[in-house]
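Have a look at the structure below, then the notes.
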Amino acid sequence: MKNEKIKKNFLLKSGYLQFPIKKIILTQMNSRIFAGLIIISIITIMAITAPFITWHPPLKTLVGKPFTIPNNHYLFGTDDLGRDIYSNVIYGIRTSLIVGLSSVSIAVIIGTLIGVLAGYYRGIIEDFLMRITDMTLILPQFLLALVIVAIFGQNFQNIILAIGVVSWPGIARMVRAEFLSIKERPFIEAAKAIGLSDMKIIFSEILPNAMPAVIPYIILQINAAILIEAGLGFLGIADPNVPSLGLMLNTAQQYLMNAWWMAVFPGLMLSIIVIGLNLLGDGLVEYLNPRLRKR
Amino acid sequence: MNTALLRIEDLKKYFPIRVGLFGKVVGYIKAVDGVSFNVDAGEVVSLVGESGSGKTTIARCLLLLEKPTSGKILYDSEDITQLRGEKLRNYRRSVQAVFQNPFLSLDPRMNVFQIISEPVKNSMKLSREELLEYVSSLLELVGLDKSFLDKYPHELSGGQAQRVAIARAISLKPKLIILDEPTSALDVSVQAQILNLLADLKKELSLSYLLITHDLSIVKYISDRIIIIYLGKIMETGSSEEIFENPLHPYTRILFSSIPDPYRKFGERVILRGEPPSPVNPPPGCRFHTRCPYAIDICRKQEPPEIKSSLIHKVYCWLHTEKHSSETKT
């Protein structure tokens, strides 16, 4: 009877990858992580529910008189083409988050793969991969992304791909560094002695132990990706068919003297996203690195 | 001799010392320098020596964590360094290890069930229920109960963690377990329990052990045969009783006199002075002559021969050549 209960309980509880996220949320969570989480959750909810909380389609021109000052109906006013800034900002958050998440996913896949290969197999493979990483790291991310989008065309997928392709080197270096240190720990030797395959050791022994150190960096990388996207938009390099906070700022600068609301609201929203992610990322770094933790 | 489960012939492991940008090799650390011995089925062989004597390097070579520089390691009369594919997997399965510090040798992000089932999943096809059943039976075998299944290593005590490590080692029904200082990281009271457990498991599962330790009291308790090793070379080998009754090599005697013994009279203890010489440049002749209180001229020049005191009791020391030859003459 009791055994049955333990067994059931156990089957429920045992998951294979156990990241410390659960632990972080439940136990001591520092104020920065908490603030970051709140901001990010609100923003994410806004992005997901965008169609329900806006009443004008984004990008549609002349939903109101151009340059309407913010009022009850046009919460954030309208722009030079009579588009509702409120809808565009909300949908812009959506774009920012999609760009951030998907480009960083690309970066994580490339970076982890390269970091794992370099850190686990060492030797010539490591030298080769790490020199490539260094070379990519030398090039300024923003300019590289700019060049890639300029060459391959200004559409949404290309922007995501370009940002993903320029942001993997940091992740690769971090994963490699973690692998180098974890690889030498006795439990990995024990696993080798038991006869586990390389794949098993990499993915079920080393990677779960390496990820906690890499996750905060990934979150900060999402932040960087969002900023790159906005930066590209501000320079006019964005898909015109997708609402983008950066692009809105680009149009706004021409009318800055007459229509302050065109610049203020997208800029504010961008800052809030970036601050939220930064708080979360920094808080996690601090949480996971006890040496930085203030007592 | 063909019955030997594991046979090590003239094993050498040199670690190159590299300097500079291009890794020029300027010398070698001779960690293991020509060691031969064998482990028979059902036997407990102890490898005894101080830190840096190369005993752990031997274990690492056996576990294929290091590639020997030269020499052979034969398991079931096959050289393990040449094994590939299915045979290699078979070897890995039949030779398991328990390491010194259980907290370091268990993955901190896995619970006990995952730790023990990892090697099992790898080589046996069991459903989840069967796996659970099997892992619980292993836990019972090492004296833990089912409630430990979902605990993480940091929630266990040292003794419990070492029991988990032992359960993992026996999970694949191995023939030989390499125990690398299995009790050094534990409390004295727990040491005894773990040793008893190891002795019981040996009987129950007909295992062989290669025990690597510097702790002579546990050697006496558990082993059938002892190999005394110093600076990568064997000094003396023989059955447990013979060596404890009649230690021949000066180094062995000094080692034994270092065992704390409340009944020993004052002044009987020989204290070994100095540190072992560097394995980069081991002394010529007998490795031990720099610290040996009885060293004679020949010790400094020539390597000592193997002297058989009985069928399995062998000593490598010049002092016994004369004794031995004079004994045989008279």
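We did not get these values from a lab; they are worked out from the coordinates using the rules stated. Being a predicted model, the structure only gives us computed values, none of them experimental. Cβ: placed from backbone, ideal geometry, glycine included. Neighbour counts: every protein chain shown.
Highest average first, the peptides B:88-97, A:72-81 ordered by how many other beta carbon atoms sit within 10 Å of their residues are B:88-97, A:72-81. Between B:Pro174, B:Pro279, B:Pro16, the residue with the greatest mean-square fluctuation in the GNM of chain B (Cα pairs under 10 Å linked by springs) is B:Pro16. Using alpha-carbon pairs under 8 Å, 6+ residues apart, how would you state the relative contact order of chain B in percent? Averaging sequence separation for qualifying contacts and normalising by length gives 19 percent for chain B.
Each peptide among A:222-234, B:300-312 gets the average number of other Cβ atoms lying within 10 Å of its residues, and from highest to lowest they stand as A:222-234, B:300-312. The smallest convex shape that holds all Cα atoms of segment A:137-295, its convex hull, gives 151 Å³ per residue. Binning the alpha carbon pair distances of chain B at 20 angstrom intervals from zero yields the distribution 29, 55, 16, 1, expressed in whole percent. Dipole magnitude for segment B:1-155: about 820 debye, using +1 per Lys or Arg Cβ and -1 per Asp or Glu Cβ, origin at the Cα centre.
Take the Cα of A:Ile42, step 7 Å toward its Cβ, do the same at A:Leu143, and the gap between the two points is 3.9 nm. Assuming charge only on the beta carbon of Lys and Arg (+1) and of Asp and Glu (-1), the dipole of chain A about its Cα centre is about 1300 debye to the nearest 20.
Stokes-Einstein diffusion of the protein assembly as shown at 25 °C, 0.890 mPa s viscosity, Kirkwood radius from Cα pairs, rounded to a whole number: 84 µm²/s.
Helices that extend 24 Å or more along their long axis by alpha-carbon positions and average at least -0.5 on the Kyte-Doolittle scale are, among the DSSP H runs of chain B, B:188-205.
With the simple model of a label 7 Å out from the Cα in the direction of the Cβ, B:Ser184 to A:Ala35 spans 4.9 nm.
Report the per residue volume, in Å³, of the convex hull enclosing the C-alpha atoms of segment A:92-220.
Working: hull volume 14.4 nm³, N = 129.
With only Cα atoms used, segment A:92-220 gives 111 Å³ per residue.
Summarising the label geometry, the points placed 7 Å from Cα in the beta-carbon direction at B:Asp40 and B:Tyr294 lie 2.8 nm from one another. Straightening the chain between A:Ala150 and A:Arg122 buys 6.4 nm, computed as 0.36 nm per residue apart minus the Cα-Cα spacing.
Kirkwood radius and radius of gyration were both taken over the C-alpha atoms of segment B:209-259, and their ratio Rg/Rh is 0.90. Legend: mean number of C-beta atoms from other chains within 10 angstrom of residue C-beta atoms, peptide B:109-119, equals 5.
Footprinting exposure proxy ranking of B:Ser36, B:Ser223, fewest other C-beta atoms within 10 angstrom first, gives B:Ser36, B:Ser223. Between the residues A:Phe142, A:Gly267, A:Met199, the greatest Cα displacement towards the positive end of the dipole of segment A:20-288, with unit charges on the Cβ of Lys, Arg, Asp and Glu, is found for A:Met199. When segment B:1-75 is described by a simple charge dipole with +1 on each Lys and Arg Cβ and -1 on each Asp and Glu Cβ, the residue from B:Val48, B:Leu64, B:Gly20 located farthest towards its positive end is B:Gly20. Once the dipole of chain B is set up with Lys and Arg at +1 and Asp and Glu at -1 on Cβ about the Cα centre, which of B:Leu255, B:Ser127, B:Ile307 lies farthest towards its positive end? In chain B, that residue is B:Ile307. So if I average 1/r over every pair of distinct C-alpha atoms in segment B:178-274 and take the inverse, what Kirkwood radius in Å does that give? About 14.8 Å for segment B:178-274.
Å³ per residue of the Cα convex hull, for chain A?
187 Å³
Considering only A:Gly92, A:Gly82, A:Gly115, the Gaussian network model of chain A with Cα springs below 10 Å gives its largest mean-square fluctuation to A:Gly82.
Rounded to the nearest 10 degrees, the angle from helix A:168-183 to the longest Cα principal axis of chain A is 20 degrees. Size descriptors for segment B:51-138 (Cα atoms only): Rg and Dmax, in that order, 15.8, 46 Å.
Around the Cα centre of chain B, unit charges on the Cβ atoms of Lys, Arg, Asp and Glu (plus for the first two, minus for the last two) sum to a dipole of about 980 debye. Counts of other chain beta carbons within 10 angstrom of each beta carbon in peptide B:132-143 average 1.
For chain A, relative contact order (Cα pairs under 8 Å, six or more residues apart, normalised by length) works out to 25 percent. Using C-alpha pairs below 8 Å separated by at least 6 residues, the relative contact order for segment A:127-191 is 35 percent. Restricting segment B:1-46 to chymotrypsin sites (Phe, Trp or Tyr not before Pro) that sit in a DSSP loop and have at most 15 other Cβ atoms within 10 Å of their own Cβ leaves B:Phe22. Against the main long axis of the alpha-carbon atoms of chain A, helix A:31-48 sits at an angle near 60°. Determine, from the Cβ-Cβ distance of B:Ser123 and A:Leu288 and an R0 of 41 Å, the FRET efficiency 1/(1 + (r/R0)^6), rounded to the nearest 0.05. With a Förster radius of 41 Å, E is 0.70.
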